[in-house]
1. How much length, in nm to one decimal, is gained on full extension between Asp186 and Leu122, taken as 0.36 nm per residue of separation minus their Cα-Cα distance?
2. Find how much the distance from Gln142 to Leu268 grows on full extension, using 0.36 nm per residue of separation minus their present alpha carbon separation; answer in nm with one decimal.
3. I want to check the label-to-label distance for Leu101 and Asp74. Put each point 7 Å from Cα in the C-beta direction and report it in nm to one decimal.
4. Rounded, prolate or oblate: pick one for the chain, where a ≥ b ≥ c are the square roots of the eigenvalues of its C-alpha gyration tensor, a/c under 1.5 means rounded, and failing that, prolate if a/b is larger than b/c, else oblate.
5. Report the FRET efficiency, 1/(1 + (r/R0)^6), for Arg108 and Arg23, where r is their Cβ-Cβ distance and R0 is 51 Å, rounded to 0.05.
6. Which cross-chain or sequence-distant (5 or more) residues have an amide H under 5 Å from the amide H of Asn51, H modelled 1.01 Å from N in plane?
7. How do Met169, Met56 line up, fewest other C-beta atoms within 10 Å first?
8. Arrange Trp67, Trp240 by Cβ neighbour counts within 10 Å, fewest through most, would you?
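Every number here is computed from the coordinates shown, using simple stated rules; none is lab data. This one's a predicted model, so the numbers in the text were calculated from it and none came from an experiment. Every residue, glycine among them, receives a Cβ derived from its backbone with ideal geometry; neighbour counts consider all protein chains shown.
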Amino acid sequence: MTAFPALGGRRTGLRRRTGLRRRNAAALTFIGLVLLFLFAPLIVVVVFSFNSTPRMSLPMAGLSTRWYAGMLDDADVRQAISRSVMGAIATALVAGPLGVLTALGLQRLSGRLRSTLMTAILLPIAVPGLLLAVALAIYYNQVLHLRFSLAAAIMGHVLLALPFVILTMNAAVAGFRFSLLEAARDLGASPLHAFRTITFPLIRPAVEGAMLLAAAISLDEFIVTLFTAGRDTTLPLVVWSRVQRSVDPGLNALATTLLAATTILALLAARRATVRL
């Protein structure tokens, strides 16, 4: 007499597990389709960068790295890569310290004032890139009387990257205990010594992450660079100029190189930016 309820319970549990598996499968299928929609264009670019022939169609004739070798043999590309790397390093070295000091200063303020200033600092993120690039070009030319160059473009990259650096560092130092600095001062440490021995070691991973993020933003920035770099072309500008003529595996190799560099920097930045204080 007791076997029937037990059997019914097992059937109910089996139906529940079957329904759960179906829902999980449906969810995974939907997420997979979304990911495919997001990354399919990038996958195509990467795959065709290894095509052995200039023909941009499937099936591919074979795999080859000839387009990457040709890219490295191109003097214009090498020079553009050098400028892009220099710009990324300079942007990180300028935006990083400025972002750190700004974030630490914001933590000293009251909550309402800090929120107001953070809103003002983040406003450049909401400004359309084209509008910002035009404004910078006019400002450099009409107000500062600067020649368009890589240095002018780097200043624009710092302007773009700084809000992200401050946002990252503000989240990292939100729980920073300033009582540690006060204790160090009470023990006779100078402000610089307290920062070097207490503050910086605690926030160093977040600083490194913020600087890597700034470098990634600078490396693939196109619009501001187009309006302010003048003749100092960077890798995104080379890709843009060549895509107007034709699309071939050599162009895909350039785009893949830029994609790989920015992805690696962004992943490293995400890994280093999270720190517990």
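1. Working: separation 64, 0.36 × 64 = 23.04 nm, distance 3.59 nm.
Additional length available on full extension: 19.4 nm.
2. 41.5 nm
3. Reported label-point gap for Leu101 and Asp74 is 4.0 nm.
4. oblate
5. Working: r = 50 Å, r/R0 = 0.97.
Once rounded, the FRET efficiency stands at 0.55.
6. Ser64
7. Working: Met169 26, Met56 15.
Ascending number of Cβ neighbours within 10 Å: Met56, Met169.
8. Placing the least packed residue first, the sequence is Trp240, Trp67.
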